[in-house]
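Structure, as structure tokens:
The values are calculated or read from the model by the stated rules, or taken from the named source; none is laboratory data. All values reported here derive from a predicted model rather than from experimental measurement. FYI the Cβ positions are ideal-geometry reconstructions off the backbone, even for glycines, and counts take in every protein chain you see.
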Amino acid sequence: MKKSYSSLNLLQQKLQGISSSKGFFEYIFSNRKYLTIVIGYYDYLRGKVFIEDMYDMYEDVPHGFDLGVLIHLLYKDFMTQIKKGDVNKQVAGFLLSGKKQFLQVNKVEKRVMKALSQNLFTFESIEEDTFEEEVEKEKKAYLTIRIKESEILRGEVFLHDLTPYLKNQHITIEELLTILYLDFIHQIKEQGNSVKVQKNILYHLKSHL
């Protein structure tokens, strides 16, 4: 089965000759799609607080700035760095590390006794998914991001090109968006809402909106 790099599966559609009925320029500049990511509710609230702080600190924050816009901005900046020639191996390392830190379920090895016969038993090891109790109970937030179809397709092509460096791991656009957002929130947790970070976001907001 061919890999899908997003829920929209744009790359495979293009490879199969399934094209948009819209004109070329309308497709490039106005065709928007929606992607949904799932994050922990605390990380959702932390992002909301960051945005509220931005509105409190700066009068010129563009109207409509929200979490969806922030994640789209992080994605656009990431893809801009890719176009500048960031080394694929280094980018793959960042994504693999982010997937392990933010997305993968921890597993523990558990030994269980298995009956071979009425009087003969053996032990075998099995892996089970484990969650901390508080994580297990944590609510989830669903965030919808509006992105140009051309931007999603570019990301799918990039992830396809990155395949040789991903050590048999598969990463989708939704996972990429999640990693970028949670990495940003992690930095905010570690460093606080620094003026430097806020001004950098504001600068890019004005450049892209």
Between Glu175, Glu190, which is modelled with pLDDT under 90 and either of a type in the set (Asp, Glu) or buried (at least 19 other Cβ atoms within 10 Å of the Cβ) (or both)? Glu190
Among the residues of region 50-64, which ones are surrounded by 12 or more Cβ atoms within 10 Å (Cβ to Cβ) and part of a helix (DSSP H, G or I)? Phe50, Ile51, Asp53, Met54, Met57
Keeping to region 65-82, report how many residues are touching a residue at least 12 places away in the same chain (Cβ under 8 Å) and either β-branched (Val, Ile, Thr) or part of a loop (DSSP other than H, G, I, E, B) (or both). 5
